[in-house]
1. Cβ-Cβ distance below 7 Å, separation of 6 or more or different chains: which pairs start in segment 192-215 with a residue that is not assigned by TED's automatic domain parsing to the domain that holds residue 313 and end on one that is near ligand 1 (Cβ under 9 Å from one of its atoms) and part of a helix (DSSP H, G or I)?
2. Within segment 146-200, how many residues turn out to be within 16 Å of ligand 2 (Cβ to nearest atom) and either in a helix (DSSP H, G or I) or closer than 20 Å to residue 35 by Cα (or both)?
3. Can you tell me how many residues within segment 31-45 are modelled with pLDDT of 95 or more, surrounded by fewer than 19 Cβ atoms within 10 Å (Cβ to Cβ) and not β-branched (Val, Ile, Thr)?
4. Please state which one of 343, 262 is of a type outside the set (D, E, K, R), within 16 Å of ligand 2 (Cβ to nearest atom) and in a strand (DSSP E or B).
5. Can you go through 306, 351 and tell me which one is buried (at least 17 other Cβ atoms within 10 Å of the Cβ) and in contact with a strand residue (DSSP E or B) (Cβ under 6 Å, 6 or more places away or on another chain)?
6. Tally up the residues in segment 223-247 that are within 10 Å of ligand 1 (Cβ to nearest atom) and either touching a strand residue (DSSP E or B) at 6+ places or on another chain (Cβ under 6 Å) or under 23 Å from residue 374 (Cβ atoms) (or both), please.
Amino acid sequence: MQKQTVRDLEAAGKVVLVRCDFNVPLEAGSITDDRRITESLPTLRLLIEQGARVILASHLGRPKGVTPEFSLAPVAARLSELLGKNIPLAPDCVGDEVKAMVAAMGDGDVLLLENVRFHPEEEANDPAFAAQLASLADAYVNDAFGTAHRAHASTEGVAHHLPAYAGLLIEKEIEFLGRAVNNPKRPFVAILGGAKIKDKIPVITNLLTKVDKLIIGGGMAYTFLKAQGHEIGKSLLDESNLDFCKELLAQHGDKIALPIDVVIATELTETAATQSVPATHIPSDHMGADIGPDSVDAFTQIIMSAGTVIWNGPMGVFELAPFEAGTIGVAEALAASQAITIVGGGDSAAAVEQFGLADKMTHVSTGGGASLEFLEGKKLPGIEALLDA
Ligand code: ADP
Ligand code: MG
């Protein structure tokens, strides 16, 4: 880690503003997965033990102005349970009332600020708003890895006004992702899937210079299959990247593993009739919605002989039972392998969690977009802004 961390901060008696990623999934006001909250606990406990006055900032969802559904109240309740102390929620994240609440804090107290995205200035990285946030505290810690690829007021702007440190979660994420990309135990295998082909094209380009093998599954695979000249029916296609995929196959074909067979259907439903066919023979009125069993076997072999595996993006429409087997198969191969296994990407992490295999992975990243941009080789503005080590 090239940056100073919260361990370098003498926090006793100081007001420390910690940017967390509490952007948790909610259903009817209840948190359905609290991993992002539990992952923030090491940093929070360290600061509490040192006797800092800890104020927490986060966004939740994409509210347009002040919207009660996007209140951080459920997070305050869950954090209170996890930390075993009452964590009050401020009515806002800036302003006089918040200042008064901060002034009333004692050493070791924790205060959660309300959703920073209730202010449009947050995403605009408005300097005056960043200064207002900073005026609450003596020091700043960024532990919101999931938002580190965004230059927003609470992730980047504020770091220009306060001594700024990395939290322990950001440190852990960068350690695992950084080592995998820059100094991997070989063979180094990357598995890419999911639906966001456009977003992942730059990742493919960067990873192809580093990996020994690139497995491509999920919705991404079909543009490559089409680039090889095969009929892909109604499968996902990114027409604009067809030529690019052709070029990649010509240059790096020996490194790229595509599905051998795929599970096809005419509709994406829980009751869809499916069949496995060779990836070269998708009927024109069908779509490929999962990788088939032979692909799972072939990908498993590659995974079992790997030293490091990075996985981003499910192998099929795993949310629907008829199309989940490929993603389960790859998750099980990662779980069984001796390799260092890293799962990034919101949906892939959710899939691994859903299958009960998360704790069999070396590291499950809390940052979908952030981990992708890291894998692209981009600098993350929320981390760049912190003090150099
Ligand atoms: P991640 O969040 O892990 O980065 P993405 O957001 O790129 O992954 O893609 C996840 C989505 O991709 C899932 O909702 C899944 O249903 C979809 N998907 C995977 N394979 C296919 C496919 N063959 N056709 C259509 N959608 C697919
Ligand atoms: Mg996703």
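The values are calculated or read from the model by the stated rules, or taken from the named source; none is laboratory data. None of these values were measured; they are calculated from a predicted model. Because the Cβ atoms are built from the backbone with ideal geometry, glycine has one as well, and the counts that use them run over all protein chains shown.
1. Correct list of pairs: empty, since none qualify.
2. Here the count works out to 7.
3. Matching residues across segment 31-45 total 3.
4. Details: 262 fails: within 16 Å of ligand 2 (Cβ to nearest atom).
One residue alone meets the criteria, 343.
5. Values: 351 fails: in contact with a strand residue (DSSP E or B) (Cβ under 6 Å, 6 or more places away or on another chain).
Criteria check complete, one pass: 306.
6. 2
Residue-by-condition table, conditions (1) closer than 20 Å to residue 295 by Cα; (2) modelled with pLDDT of 95 or more; (3) surrounded by 16 or more Cβ atoms within 10 Å (Cβ to Cβ); (4) in the same structural domain as residue 320 (by TED's automatic domain parsing):
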{"site": "219", "(1), (2), (3), (4)": "yes, yes, yes, yes"}
{"site": "224", "(1), (2), (3), (4)": "yes, yes, yes, yes"}
{"site": "228", "(1), (2), (3), (4)": "yes, yes, no, yes"}
{"site": "235", "(1), (2), (3), (4)": "yes, yes, yes, yes"}
{"site": "265", "(1), (2), (3), (4)": "yes, yes, yes, yes"}
{"site": "269", "(1), (2), (3), (4)": "no, yes, no, yes"}
{"site": "272", "(1), (2), (3), (4)": "no, yes, yes, yes"}
